[in-house]
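Engineer: Following this message is one structure expressed as structure tokens.
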Amino acid sequence: MEPYILLIVARTQVLARRLRAALDAEEYVIRWVPSTSRALDLDLQPSLVVLDLPPTGGSRSSARLKDTFDVPLLAIGQPEQPVPEAVDASLLRPCQRQHLVELVENTLLFHSPHLLSAGQMSLDTETRRLQMDGSLHQLRPLACQILAHLMARAGEVVPREELFRRVWRTDDTDNTRALDVHIAYLRSELEQNPHDPRLIVTERGVGYRLEPPAGELA
């Protein structure tokens, strides 16, 4: 997977340094420029733009950045500072580094072209990241595929043989023990009590049914 490119537009490098220190360098490339005009001159296609809102409000800068790059825009501003209409997500100062990192990850997730949603579950099938109940989970490759198929048919029973055939891409469904192993892994990661599963429910002799948490993602 190609790394995300984060374009930081801020008067100083403090914000860029904080993100470099907190994010995995193999997954994120951080580019910093001191102004919107400098950003617009770049030959770059970022995954996300992070704008440190100027005291004047930043509506014009936000709109220009959004129109030029057409990617999610995250803004950081002062308390009681209005959030420009073009902004997709915002955070107020003072902000903890952990909250900033979580907002970066969530904003990228919510705007992913590889996104599946079911109830309060949101899965990026490219990065294999799942958000559920406010927490992010990094899933194993096969487990991600299994969950994606269950999410696509949330509330329905998916037969074991069909699930195995689609994920392992084989017509030989005589030995589906590997499926049991990955279902157990998903339950250990996602269920409050893996021994009494309420999310991934077994329908005896048939298959599995996903019952996602009720409601919609914020």
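The values are calculated or read from the model by the stated rules, or taken from the named source; none is laboratory data. Everything quoted here is computed from the prediction, not taken from an experiment. With ideal geometry, Cβ positions are generated from the backbone for all residues, glycine too; neighbour counts draw on all protein chains shown.
Engineer: Here are the criteria: (1) farther than 22 Å from S47 by Cα; (2) surrounded by 15 or more Cβ atoms within 10 Å (Cβ to Cβ); (3) under 23 Å from the mean Cα position of the chain (by Cα). Tell me which single one T173 does not satisfy.
Structural biologist: (3)
Engineer: Find the residue count for the stretch 106-146, including only residues that are touching a residue at least 40 places away in the same chain (Cβ under 8 Å) and on the phi < 0 side of the Ramachandran plot.
Structural biologist: So the count comes out to 20.
Engineer: On the basis of being farther than 23 Å from S122 by Cα and of a type in the set (A, V, I, L, M, F, W, C), does A178 make the cut?
Structural biologist: yes
Engineer: Follow-up question, since we're still on this one. What helices (runs of 4 or more DSSP H) lie completely within the stretch 1-90 and have 2 or more residues being more than 21 Å from the chain's Cα centre (by Cα) and surrounded by 18 or more Cβ atoms within 10 Å (Cβ to Cβ)?
Structural biologist: So the answer is 36-40, 59-69.
Engineer: Starting from residues that are modelled with pLDDT of 90 or more and in contact with an Asp or Glu (Cβ under 9 Å, 6 or more places away or on another chain), keep the ones in the stretch 122-135 and report whichever is surrounded by the most Cβ atoms within 10 Å (Cβ to Cβ).
Structural biologist: L130
Engineer: Sort out which residues of the stretch 5-20 are touching a residue at least 40 places away in the same chain (Cβ under 8 Å) and either of a type in the set (A, V, I, L, M) or in contact with a helix residue (DSSP H, G or I) (Cβ under 6 Å, 6 or more places away or on another chain) (or both), and write them in order of number.
Structural biologist: I5, L6, L7, I8, V9, A10, L15, R18, L19
Engineer: Does the stretch 176-218 hold any residues that are exposed (fewer than 11 other Cβ atoms within 10 Å of the Cβ), of a type in the set (G, A, S) and over 24 Å from the mean Cα position of the chain (by Cα), and which are they?
Structural biologist: Within the stretch 176-218, just G205 meets the criteria.
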